[in-house]
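For reference, the structure is listed below as structure tokens.
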Amino acid sequence: MRRLEFLITQVRNSTDNKDINGISNSEIVGYFNDAQRYITSIIFKANPYADLFKSQIEYSANSSGEYELPEDCFSTNSLSMVEGRFAETENNKGYSRIKPVSESEFSYIFGYITRDNKVCISGQNEIANLEKIRITYFKQLPTLDVRQAKVNGVTSGVSIALSSAPTDLFVMDDHCCAVNAKGEQVVSNIYFTNTSGSTLLTANTAGVTTSHYITAGKNSCNKSLLPDVCETYLLDYVKQRIYTRNNYEDAGKQQYFTEQQKQDIASIFSKNKKDDDTVPITDVNFLFF
């Protein structure tokens, strides 16, 4: 996938919107993020176990039996598995599956439910003996942004100096990320306290170097993690958004993706089984009776 700046240029050229006074870069960035979220929702509905979106997190067990869902968890119903470890072993590091239970079963059956954006484990005796909890879930991809500015210098634990004052960063978020020249995220969740200038006042400087660029948002990057085959769909969605924006009377008639495009996107991430569902028949002697 190409960096976002190149995709924005292509969209501007193909829609004849080269004037940034007509439609700003930040608005188009928003459309690309809407496109990525829309594509992600299509994929989740079609295959919630798609490998690209699969992520895991481990927690040390606690006495409350409650664990916050990860910030990048797609939704409360996107957990594919919850596991508990009572003792470390060679087999799956000692983890075994904890089954989901209903609210009515929660008080008397060992299992888990999701409540208030948390995974809640039931069974006091089991909770007391747990060592770790592992959650496998369908994640949100990092949001997209253009390069806001290049890092010019770093004062450890104090500030990040930028090559120029960013145009949109301070009005978009109070968090940013550092990305490399390829647009890949290197450092996430950099919180800064100032609202203007060319220096970010932040204690979160670890890992940031002068070879990096800054993008807006807690979990952002400069190019989508979707595979290259999805680039066309990102571009098509944004073109339709721009068309709708410029033609208000047709807004209610626009479809950002056709049904065929939705099916094509879903098929890209459909489960591609490599093993047979049944044991093959190797004894064919019965055919001669």
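The values are calculated or read from the model by the stated rules, or taken from the named source; none is laboratory data. In this text the structure is predicted, and so the values were computed from the model without any measurement. Ideal geometry is used to build each Cβ from the backbone, glycine not excepted, and the neighbour counts take in all protein chains shown. Ligands, DNA and RNA are excluded from the accessible area calculation, which covers all protein heavy atoms including side chains. Shrake-Rupley method; radii C 1.70, N 1.55, O 1.52, S 1.80 Å.
Between Gln255 and Thr210, the modelled label-to-label distance comes to 5.4 nm, taking each label 7 Å out from Cα in the direction of the beta carbon.
Computed extension length for Glu71-Asp228: 53.9 nm, one decimal, from 0.36 nm per residue of separation with the Cα-Cα distance subtracted. A Förster distance of 51 Å, applied to the separation of the beta-carbon atoms of Lys132 and Asn246, puts the FRET efficiency at 0.45. In terms of its C-alpha gyration tensor, segment 47-121 comes out oblate, because a/c is 1.5 or above while a/b does not outweigh b/c.
The 3J(HN,Hα) values that the Karplus relation (6.51, -1.76, 1.60; θ = phi - 60°) gives for segment 132-139 are, in residue order, 9, 10, 10, 10, 9, 8, 8, 9 Hz. Gly and Pro appear as x. Each residue of segment 186-191 was assigned a 3J(HN,Hα) from its phi angle through the Karplus curve 6.51 cos²θ - 1.76 cosθ + 1.60 (θ = phi - 60°); the sequence is 10, 10, 10, 6, 8, 8 Hz, with glycine and proline shown as x. Pairing the Cα long axis of helix 25-46 with the longest principal axis of the chain, what angle in degrees results, from 0 to 90 and rounded to the nearest 10? With rounding to tens, the tilt is 20 degrees. I need the Debye-formula profile for the chain: one equal scatterer per C-alpha, no solvent, reported as log10 I(q)/I(0) at q = 0.10, 0.13, 0.15 1/Å, two decimals. Scattering profile of the chain, log10 relative to I(0): -0.73, -1.05, -1.19. How big, in percent, is the set of alpha carbon pairs in segment 75-176 lying more than 20 Å apart? The share of Cα pairs beyond 20 Å in segment 75-176 comes to 59 percent.
Taking Cα atoms only, the orientation of helix 259-268 departs from the longest principal axis of the chain by about 60 degrees.
Here, P(r) means the percent of Cα pairs in each 5 Å bin from 0 to the largest distance; for segment 1-152 it is 2, 8, 15, 15, 13, 11, 9, 8, 7, 6, 4, 2, 1, 0.
Computed 3J(HN,Hα) for segment 88-103, one whole-Hz value per residue from the Karplus formula 6.51 cos²θ - 1.76 cosθ + 1.60 where θ = phi - 60°, is 6, 9, 6, 7, 6, 6, x, 7, 9, 6, 9, 7, x, 10, 7, 4, glycine and proline marked x.
For the chain, the longest principal axis of the Cα atoms and the long axis of helix 231-246 meet at an angle of about 50 degrees.
For segment 22-106, the carbon plus sulfur part of the accessible surface works out to 47%, probe radius 1.4 Å. Let's test the formula: R0 of 25 Å, r as the Cβ-Cβ distance of Lys271 and Arg115. What FRET efficiency results, to the nearest 0.05? The formula returns an efficiency of 0.25 here. In the chain, a dipole from Cβ-located charges (positive for Lys and Arg, negative for Asp and Glu) runs towards its positive end, and of His175, Thr9, Ser159 it is Thr9 whose Cα lies farthest in that direction. In the context of the full set of protein chains, residues of segment 1-144 present 53 Å² of accessible surface per residue (probe radius 1.4 Å, heavy atoms only).
With a probe of 1.4 Å, find how much accessible area segment 164-250 has per residue, and write the answer as a whole number in Å².
I get 47 Å² per residue for segment 164-250.
Calculated FRET efficiency, Arg37 to Ala87, Cβ-Cβ distance, R0 = 41 Å: about 0.50 to the nearest 0.05. Residues whose amide H lies under 5 Å from that of Asn152, counting only those 5 or more places away or on a different chain, are Ala161, Leu162, Ser163; hydrogens are built 1.01 Å from N in the peptide plane.
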